[in-house]
1. When the Karplus curve 6.51 cos²θ - 1.76 cosθ + 1.60 is applied with θ = phi - 60°, which whole-Hz ³J(HN,Hα) does each residue of the stretch 51-68 get, with x for Gly and Pro?
2. So for the stretch 35-93, taking the charge dipole from beta-carbon charges (+1 Lys/Arg, -1 Asp/Glu), which of Phe67, Ile87, Leu57 sits furthest toward the positive end?
3. With only alpha-carbon pairs counted, each pair once and no self-pairs, how large is the Kirkwood hydrodynamic radius of the stretch 86-141 in angstroms?
4. Dipole of the stretch 25-108, Cα-centred, from +1 at each Lys and Arg C-beta and -1 at each Asp and Glu C-beta, to the nearest 20 debye?
5. Roughly what would the spin-label model give for Asp73 and Met113, points 7 Å off Cα along C-beta, in nm?
6. Please enumerate, by chain and number, the aspartates and glutamates with C-alpha under 20 Å from the C-alpha of Lys134, excluding those fewer than 8 residues away in the same chain.
7. Trp91 to Leu125: extension gain in nm, 0.36 nm per residue of separation minus the Cα-Cα distance?
8. Can you put Arg64, Arg95, Arg84 in order of accessible area, largest first, using a 1.4 Å probe?
Amino acid sequence: MLRAVFILQGLISLVLLRVILMRSLVWLWTRSFSLHLPVQYNPFIYSKSNNTKFQNLTVLPGVRYWFRESFRDPFVGFSVLASRYNIGNIWDKYRYDGWGLGAGLSFGWTYPMAPRWNFEWELGLAAFWANHDKSLCKTCGYKFDHERKVYLIPHKISVNLIYLFWRLGK
C-alpha cells in the first residue's frame with residue numbers, strides 16, 4: 001500500500017546561482033523503495049537587455065532504492081524527465097526554445113538532522129532528447145535552425161533541506 005509523504009525541498013541552481021522553484025510529492029512504497037514526483041519551474045529572465053534567460057518547466061518522476069531505510073543514508077534513483085524550456089545567452093550566443101524527454105540515474109545521501117528534518121544531496125546523469133528551435137539572441141524572433149539531438153546531461157545536482165510532515169514508524 002502506498003503511503004504519501006509531503007516534503008519541502010529547496011534547490012539551488014548551479015546555473016547563475018539562482019533559486020529555482022521546486023516542489024516534490026513522495027510516496028513510500030516499502031522501507032526500501034519510494035516514488036518521487038518533483039516539479040521544477042523557473043520563470044525568471046536574468047537580463048532583459050541581453051535576453052539572458054533560463055526558463056523551464058520540468059517534471060522528473062522517479063523511483064529511489066534506499067540501501068538501509070527510507071529517508072536515511074544512501075540511495076540510488078531512476079527517473080524520467082519531460083521539460084519545456086527557453087534558454088538564451090547562457091552557454092553561447094544562441095537561444096534554444098523547445099522541449100525534451102529523457103531518462104537518468106542518480107545517487108545521493110540523506111542525513112537526518114532532527115526527527116522531522118533531513119539534509120540531502122543528489123547527483124544524476126541523464127540521456128536527454130531535445131527538440132528545439134535555435135535562434136540568434138540578437139534577433140530572438142528569427143529562427144536560425146531546428147535541432148533534434150540527444151545529450152548526456154547532469155539532470156540532478158541538488159542540495160535539499162527536507163521537512164517530513166510526519167515521521168516514519170519503525
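1. Listing the rounded values in order: 6, 8, 8, 9, 8, 7, 10, 10, 10, 10, x, x, 10, 10, 10, 9, 5, 10 Hz.
2. The listed residue farthest towards the positive side: Ile87.
3. Value: 14.3 Å, from the Cα pair sum.
4. Value, rounded to 20: 120 debye.
5. 2.2
6. Cross-link targets: Asp92, Asp97, Asp145, Glu147.
7. 10.3 nm
8. Ranked list, largest accessible area first: Arg84, Arg95, Arg64.
The values are calculated or read from the model by the stated rules, or taken from the named source; none is laboratory data. No experiment lies behind these values; they were computed from the predicted model shown. Note: ideal-geometry Cβ built from the backbone for every residue, glycine included; neighbour counts use all protein chains shown. Only protein heavy atoms, including side chains, enter the accessible area calculation; ligands, DNA and RNA are left aside. Shrake-Rupley method; radii C 1.70, N 1.55, O 1.52, S 1.80 Å.
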